[in-house]
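Just below is one structure, and these are the notes that go with it.
Each value in this text was obtained by applying a stated rule to the coordinates, not by laboratory testing. This structure is a prediction, so every number in the text was calculated from the model and none was measured. Please note: Cβ atoms are built from the backbone with ideal geometry, for glycine as well, and neighbour counts cover all protein chains shown.
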Amino acid sequence: MSVLQIKGRTTNSQDVFDKYSLSSNSNIYTTAAASNIEEYSIELSLGDGWNDNYSISDKGLIRVDGSIVVKGHGSIVVEVKEEIRVPHNRYGIVLPTGSLFLSRGVLVASAKVEPAFIGKLKLRLFNTTSQKVVLTEGEKLGSVIFFPTESTKVHNATYRTSEISSVPKSKISEMNKWFGANKTIWIGWLVTMISSSMLAFFLSYVFYYKPMLQLQSTQQNQVENGKQDAINEKEKQPELPELKAAQKP
């Protein structure tokens, strides 16, 4: 199976796409710029939606504000800028861009693009380095190549659309995610704080509270001893004889 030649087989007209979608002369519908349409591939670039916590329960996208950050050894899901519609007799595969991986360590996961796909692809990006990587809107991420299918069969259209929110994630959710992803770090901080507090308490006790307690104890003992000495001195004094009044004759 040979790779389909893309140059000259794309269109941005819905009518042209629909007219030839079942023929051997079918076209790939795309909104990609002419500079992104190469001889055998369509180059995909960073669009305006992303999510660093994408999952089955969280498929919403946050609007890209000029650029996004992929944390060290982290991954995110992004939506590409180019809309693609695949005819019924074409099958596509997304491949990572070598330059992005070799120069910056960001790898795009391979993905399939089935016949009758309509929409903008979502790609998962992996940062294989320990340093954060900044990606700008419109930056090239990967390529999609297409193959002709052995037979033409009508497929149900597969729509991929996203609602992109302009409201960024709350600081609390970001903090919760950070604590969840960096347990080793914050546990180390906690242990350090506890250890520092215990050390501070120990030093304060040794150099301040212990001498103060000893001084108070000494003073208390001196007071008690003074009272006891006074009692002992009183007991040692001889009793004076009682004087009897002289009786009259």
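Laid out as a table, the results:
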{"quantity": "Added length on full extension, which subtracts the Cα-Cα distance from 0.36 nm per residue, residue 75 to residue 118", "calculated": "13.0 nm"}
{"quantity": "Highest average packing first - 12-23, 66-77, Cβ atoms within 10 Å", "calculated": "66-77, 12-23"}
{"quantity": "Burial ordering of 50, 189, fewest other beta-carbon atoms within 10 Å first", "calculated": "189, 50"}
{"quantity": "Label-point separation, residue 25 to residue 65 (7 Å along Cα→Cβ), nm", "calculated": "5.0"}
{"quantity": "FRET efficiency estimate (nearest 0.05) - Cβ-Cβ, residue 192 to residue 5, R0 51 angstrom", "calculated": "0.25"}
{"quantity": "Additional length obtainable on full extension of the chain from residue 150 to residue 132, 0.36 nm per residue less Cα span", "calculated": "2.1 nm"}
{"quantity": "Net charge of Cβ neighbours under 13 Å - reference residue 20; Lys, Arg +1; Asp, Glu -1", "calculated": "+2"}
{"quantity": "Histogram of C-alpha separations across the range 63-164, 5 Å bin width, %", "calculated": "3, 12, 21, 22, 16, 12, 8, 4, 2, 0"}
